[in-house]
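S.K.: Okay, handing you the structure first.
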Amino acid sequence: MSLYDIPFARMDGTTTSLAEHRDDVVLVVNVASRCGLTPQYEALEQLQEAYAGRGFTVLGFPSNQFLQELSTDEKIAEFCSTTYGVTFPVLSKIRVNGRHTHPLYAELKKTADDGGHAGRVRWNFEKFVVLPGGEVHRFSPQTTPDDPAVVGLVEKHLPR
């Protein structure tokens, strides 16, 4: 099964996959509403607004693995909308580590970041850029979405 075939749930209960974005540059992020890094939602939304029309999307995957996420998908959706005006898809809550790791994250975590870290997601807002064709690049939680390394990678792989 390819990265594009792994199903995941939307907050409305329907199922989708990365296949919907096969030709796009996708920024996959495990998000949380009550974290010191939560203000990164603002930069994520700015990227979405800047590049959505050119084949880019952010996909936010809420996770309570670090005990900093709201209790329900409904509360998460309301928080994202009212606090940060999020327009990118925020999916149903998942697990990014441990025995019940979501299969998408099991695959994404095989990729090492520039510091050589692969495996376990270290914290909320770890970022994975999935390029058309399925190549994955990983960025630490402290690397902001508007960091030149992230933006440069996105811009390099978008159609002109």
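Taken together, the values in this text are just the output of simple stated rules run on the coordinates, not laboratory data. Note that the coordinates shown come from a computational prediction; the quantities given were computed from them, not determined experimentally. Cβ placement follows ideal geometry from the backbone for every residue including glycine, while neighbour counts extend to all protein chains displayed.
S.K.: Post the alpha-carbon centroid distance, region 137-160 to region 18-76, in whole angstrom.
M.R.: A separation of 14 Å, based on Cα centres.
S.K.: Could you please rank H21, H100, placing first whichever residue has the fewest other Cβ atoms within 10 Å of its Cβ? Present the calculation step by step, with values, prior to reporting the outcome.
M.R.: Values: H21 19, H100 8.
Fewest-to-most Cβ neighbours within 10 Å comes out as H100, H21.
S.K.: Just need the relative contact order of region 24-103 here, percent rounded to a whole number, with Cα pairs under 8 Å and 6+ apart.
M.R.: Details: 114 pairs, mean separation 28.4, N = 80.
Answer for region 24-103 is 35 percent.
S.K.: Quick one: R99, R120, R22, R138, fewest Cβ neighbours within 10 Å first, how do they rank?
M.R.: With the sparsest Cβ surroundings first, the list reads R99, R120, R22, R138.
S.K.: Quick check on the chain: helices-only [θ] at 222 nm, where DSSP H runs of length 4 and up contribute -39,500 (n - 2.57) each and the sum goes over total residues. Nearest 500, please. Let's see the in-between values first.
M.R.: Values: 4 runs with 39 residues, N = 160.
About -7000 deg cm²/dmol.
S.K.: Placing +1 at every Lys and Arg Cβ and -1 at every Asp and Glu Cβ, with all other atoms neutral, what dipole size does the chain have around its Cα centre, in debye to the nearest 20? Could you put the intermediate results ahead of the total?
M.R.: Values: 16 positive and 20 negative charges, 105 e Å.
Here the size comes out at about 500 debye.
S.K.: State, as an integer percentage, the relative contact order of region 3-154 based on alpha-carbon contacts under 8 Å between residues 6 or more apart. Write down the numbers at each step before the final one.
M.R.: Details: 271 pairs, mean separation 43.5, N = 152.
Normalised by residue count, the contact order of region 3-154 is 29 percent.
S.K.: Next up: For region 3-154, what proportion of DSSP beta bridges, expressed in % and rounded to the nearest 5, is antiparallel?
M.R.: Numbers: 11 of 20 bridges.
Expressed as a percentage, antiparallel bridges in region 3-154 total about 55.
S.K.: Sort L67, L108, L153 by Cβ crowding within 10 Å, fewest neighbours at the top. Show your work: numbers first, answer last.
M.R.: Working: L67 8, L108 24, L153 17.
The order, fewest Cβ neighbours first, is L67, L153, L108.
S.K.: Lysine pairs, Cα distance under 19 Å, 8 or more residues apart or cross-chain: how many in region 3-154? Don't jump to the answer; show the numbers that get you there.
M.R.: On the way: K75/K93; K93/K109; K93/K127; K109/K127; K110/K127.
Lysine pairs meeting the criterion: 5.
S.K.: I'm spelling it out carefully: the read-out is Cα extents along the principal axes in Å, the candidates are [x] 47, 39, 27; [y] 40, 33, 32; [z] 55, 47, 30, and one was derived from this structure. Which label?
M.R.: [y]
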